[in-house]
Every structure is written in C-alpha cells, then in structure tokens.
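A short worksheet on the structure shown next.
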Amino acid sequence: MTPDQLQPSSFDRYPPLARGFAVEHLALLRQLPLTVCPSFLAQIADLDTRFPIERKTLAWQCDSLAALPQEKRDALLAPLRAIAMAPELEKIDWVNSPAVFVERLSAHLWSTGQINGFHDASRELFAAIPDQPNEATRLALIVVGQGANTSRASILSKLARKGVRLNGVNPSTAQQQLLEAFAKHATKEKEAYAHWYVDGGQPWVLPESVRASAVQVSYPQLAPLRKRVLERMQSILNTNQANAEKMRSDLAAIAPNELLSGQVASDPILQRFYTELFTSGSGTQIFSTSFVQWAGRELARRAQPHTVLLRYTPRQRHRGFNEMVSDPESKSLDPEGSLVDAEMDAYYNWIEMGRIAAPGKLTVLAWVEGSSKAVMVSPKTKPNTISNQAVTIEQALASFAVV
C-alpha cells in the first residue's frame with residue numbers, strides 16, 4: 001500500500017481518538033510520500049495517551065500543511081518523494097506499525113547516504129508551518145545541592161552567566177516560599193498537565209490549593225516501574241546479543257501495561273509518560289539526578305508546562321554499568337557528584353524551557369538547598385551580575401519574575 005491508497009478503514013485498529021484524527025486528516029495523509037506519512041501516523045496512533053498540547057500541536061501541523069497552496073506543498077514534498085526506498089521497507093505494515101517503519105527507514109537512510117538530504121527536506125517542510133500562538137507566562141523553579149558542600153563561589157556558574165547571582169537569600173524561608181510561588185503561579189492557569197513538581201527524593205508537601213491541579217511525581221514513587229525496567233535490562237545483558245542498540249530498541253518497545261504502570265498512576269496519559277521516562281530515558285533507571293533532568297526535558301518538549309518545580313537530590317555513586325543494573329539499590333550516595341550533575345542539568349532545564357516560552361515570558365529561579373545562594377534568569381535580570389543584598393525568595397521573585 002502507498003499513502004494515496006489510504007481509506008478510513010485503514011485505521012480500524014487505531015484507538016478511538018487516533019482513528020478519528022486520521023480520518024479527519026485523510027486528505028493530507030494521502031498526499032504525503034511514504035518517507036513522511038508513517039512519521040505522522042506514529043504520532044497519530046499514540047494520540048489517545050498523549051498530552052493535550054501534543055494533540056493540539058499535531059493538529060496545528062496537519063492543518064497548516066493542508067492549508068498550503070497545492071504547488072507549494074508539492075514543491076516541499078518533492079525531495080522527500082525522490083528518496084530511494086528499499087523494497088523490504090515497502091513490505092512493512094507501516095499503517096499499523098509506523099514506529100517500526102520509521103526506525104528501519106532511518107537505518108536505510110544512513111546506510112545509503114541519504115540521511116542529510118532527508119533531514120534538509122524535512123526541515124524545509126516544517127519550516128513552512130507557522131508558529132502557534134504562545135502567550136503563556138512560564139515559571140521554572142529548580143532546587144539543587146541537598147547534602148553537598150555548597151560553599152564554593154562558582155556554584156551554578158553556567159546558569160549564573162545568564163542572569164543574576166543572589167548571595168543573600170534567606171534559607172530559613174526559601175523552601176516554603178518556593179512552594180508558595182509555585183502555587184501562586186499555578187492557580188493562574190487551570191489547564192490540565194500545565195503544572196508539575198518533580199522530585200528526585202522524598203518530596204516536599206505542596207500547598208493544598210494546587211494538590212488537585214498540579215502533577216506531583218518523585219523518583220521513589222515510580223520505583224515499581226523503574227525496577228521492572230531494570231529487570232528487562234538485566235535480561236538483555238544476559239543474552240549473547242546485548243548491545244546499546246538492542247537495549248534501546250527493546251526498551252522502547254515496552255508498553256505501559258507490560259510494566260503494570262496502573263499501580264503508580266490511574267491516568268493512561270501519565271502511565272505512558274512515566275513508562276517512557278524509564279524506557280527511553282538515559283540513566284533515569286539508575287540515577288535520580290538523570291531522572292529529574294530527563295523529566296524536565298520531556299515535560300518541556302511534550303507537556304509544555306506553565307509552572308514546573310524540579311528538585312534534585314543525591315544519587316547513588318557511580319559503579320560499573322552491569323553492577324548498577326543488577327544491584328540498583330546502592331546505599332552509597334554521592335552528594336558532591338550529584339550537585340555537579342544538577343548544576344549542569346539546571347542549565348539544560350533553562351534551555352529546554354526557553355525553547356517553548358515566548359520571548360520575554362520565562363522566569364527561572366535555581367536555589368541551592370539549605371544555603372543563601374540562588375540564581376535568577378528572566379527578562380528583568382542582567383546577565384552575569386551579582387547581588388549580595390539580603391533577600392527572600394518572595395522578594396527576589398517580586399523584583400525579577402515576569403508576571
């Protein structure tokens with residue numbers, strides 16, 4: 001089958017929301033070349049368990065492409081139609097297994113030297129789609145350094161180059177005021193999945209006003225999922241075919257129900273998201289710092305939160321990979337190494353949130369837990385500046401946050 005032969009009945013095996021979306025956009029799907037259509041179907045097939053903003057974004061992309069003048073759309077798709085396809089690819093059931101097709105197509109493009117041309121043509125295609133309206137004011141609160149020596153002056157130096165270093169924060173009120181700032185910002189927007197608190201250890205208690213509307217998740221809370229993924233990793237390592245590529249592909253194929261994800265979340269959307277944090281994440285199965293950083297990254301990419309609180313806590317010490325997989329519950333923690341991880345991760349978190357925020361709409365505050373040190377980055381801060389003035393978190397946000 002080729003895309004132009006698609007019929008409404010082609011999607012009978014899709015879940016209800018996905019099937020309805022595919023039929024609604026059937027005219028566009030029929031015009032896409034085989035090098036592109038399965039990529040759209042891979043996203044469509046998962047829509048029933050994707051965040052609302054992911055559904056909205058995909059609809060925006062499809063509607064925007066459909067609205068292009070025919071001659072412009074044909075010109076954009078022509079380089080993608082010209083890519084030479086291997087006969088075995090055309091035998092794959094790309095309608096019902098689009099992800100499998102996309103993975104094998106990628107390998108084919110690399111092996112035949114066509115990958116650069118494919119990427120260039122894909123970029124041109126998506127560059128023709130206008131940006132979605134984006135007026136949300138976003139707040140990211142980041143906490144690092146629990147249990148570590150936080151006396152060095154260079155702490156959070158990479159992030160501090162982008163904003164103001166605050167050396168006089170009142171540590172006795174910082175935790176409570178961070179939670180209050182989270183709650184205050186979160187109550188401005190009632191949209192589902194717009195406010196997240198992710199903790200690498202035992203979480204703080206959110207204010208009652210946002211407990212129902214915000215999503216709170218922690219590394220210990222998801223231990224059942226993580227342990228089941230580690231068991232799968234161990235079984236892969238025990239085979240004679242173990243390698244990084246097999247590990248990645250085998251983990252990516254695991255469905256949430258295979259890991260009994262319903263034990264940690266009743267919401268199918270959260271079940272999928274939590275599962276993929278461990279089946280697609282790098283190091284999330286072993287290190288709590290990797291879990292928080294990856295969760296922040298994926299939230300920015302997928303849920304596009306308006307409010308996020310990320311708290312890094314000490315991870316286990318580095319050991320051999322096989323040892324950490326077979327014995328993941330090490331009691332030997334590394335606060336100093338965890339702080340180094342969290343400092344770099346905080347910088348990455350700022351980058352990821354910046355990618356989804358409209359210009360002038362993002363405030364990031366990173367506090368070194370238990371200390372008087374923090375960094376703020378917003379349109380109101382000057383890069384690479386220092387303030388030694390005594391200040392509370394509440395006062396700092398009042399001075400520098402975008403509201």
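Filter region 120-147 for residues that are surrounded by 13 or more Cβ atoms within 10 Å (Cβ to Cβ) and among the small types (Gly, Ala, Ser) and give the result. Selection gives Ala121, Ser122, Ala128, Ala136, Ala140, Gly145, Gly147. Here Thr239 meets the list (1) out of contact with any Ser or Thr (no Cβ under 7 Å at 6 or more places or on another chain); (2) assigned to a helix (DSSP H, G or I) almost entirely, failing just condition (2). Among the residues of region 249-272, the ones that are assigned to a helix (DSSP H, G or I) and either at positive phi or in contact with a Pro (Cβ under 9 Å, 6 or more places away or on another chain) (or both) come to 9 in all. Any residue in region 162-172 that is surrounded by fewer than 18 Cβ atoms within 10 Å (Cβ to Cβ), of a type in the set (D, E, K, R) and either touching a Pro at 6+ places or on another chain (Cβ under 7 Å) or outside the structural domain of Ala396 (by TED's automatic domain parsing) (or both)? Taking every residue of region 162-172 in turn, none turns out to be surrounded by fewer than 18 Cβ atoms within 10 Å (Cβ to Cβ), of a type in the set (D, E, K, R) and either touching a Pro at 6+ places or on another chain (Cβ under 7 Å) or outside the structural domain of Ala396 (by TED's automatic domain parsing) (or both). Between Ala390, Ala374, the distinction of being assigned by TED's automatic domain parsing to the domain that holds Gln177, loosely packed, with under 15 Cβ neighbours inside 10 Å, within 26 Å of Ala183 (Cα to Cα) and touching a residue at least 60 places away in the same chain (Cβ under 8 Å) belongs to Ala390 only. Here Thr289 meets each of (1) under 12 Å from the mean Cα position of the chain (by Cα); (2) in a helix (DSSP H, G or I); (3) in contact (Cβ under 8 Å) with a residue 60 or more places away in the chain; (4) surrounded by 19 or more Cβ atoms within 10 Å (Cβ to Cβ) with one exception, condition (1).
Checking the structure you have, find out if any residue of region 248-257 is among the acidic types (Asp, Glu) and surrounded by 12 or more Cβ atoms within 10 Å (Cβ to Cβ). Yes. Within region 85-104, does at least one residue satisfy the condition of being buried (at least 19 other Cβ atoms within 10 Å of the Cβ), in a helix (DSSP H, G or I), among the aromatic types (Phe, Trp, Tyr) and at pLDDT below 95? Yes, that holds for at least one residue. If the condition is being surrounded by fewer than 19 Cβ atoms within 10 Å (Cβ to Cβ) and in contact with a Pro (Cβ under 7 Å, 6 or more places away or on another chain), then region 173-200 contributes Glu180, Ala192.
When you look at Arg232, is it surrounded by 18 or more Cβ atoms within 10 Å (Cβ to Cβ), within 27 Å of Gly147 (Cα to Cα) and among the charged types (D, E, K, R), yes or no? Show your work before the answer.
On the way: surrounded by 18 or more Cβ atoms within 10 Å (Cβ to Cβ): yes; within 27 Å of Gly147 (Cα to Cα): no; among the charged types (D, E, K, R): yes.
Judged against the criteria, Arg232 is not a match.
Checking each residue in region 29-80 for being of a type in the set (Gly, Ala, Ser) and more than 18 Å from the chain's Cα centre (by Cα) picks out Ser39, Ala45, Ala59, Ser64, Ala66, Ala67, Ala75, Ala78.
Whenever a residue of region 1-22 is acidic (Asp, Glu), its partners that are at pLDDT 95 or above and assigned to a helix (DSSP H, G or I), lying with C-beta atoms within less than 9 angstrom and at least six residues away or across chains, give the pairs Asp4/Arg30; Asp4/Gln31; Asp12/Arg19.
May I ask you to verify whether Glu336 is among the acidic types (Asp, Glu), in a helix (DSSP H, G or I), assigned by TED's automatic domain parsing to the domain that holds Gly200 and modelled with pLDDT under 95?
On the way: among the acidic types (Asp, Glu): yes; in a helix (DSSP H, G or I): yes; assigned by TED's automatic domain parsing to the domain that holds Gly200: yes; modelled with pLDDT under 95: yes.
Yes, satisfied.
With the condition kept exactly as written, say whether any residue in region 212-229 is modelled with pLDDT under 95, assigned by TED's automatic domain parsing to the domain that holds Asn349 and in contact with a strand residue (DSSP E or B) (Cβ under 8 Å, 6 or more places away or on another chain). Yes; the residues of region 212-229 include at least one that is modelled with pLDDT under 95, assigned by TED's automatic domain parsing to the domain that holds Asn349 and in contact with a strand residue (DSSP E or B) (Cβ under 8 Å, 6 or more places away or on another chain).
The values are calculated or read from the model by the stated rules, or taken from the named source; none is laboratory data. Since we're looking at a predicted model, the values are computed, not measured. FYI the Cβ positions are ideal-geometry reconstructions off the backbone, even for glycines, and counts take in every protein chain you see.
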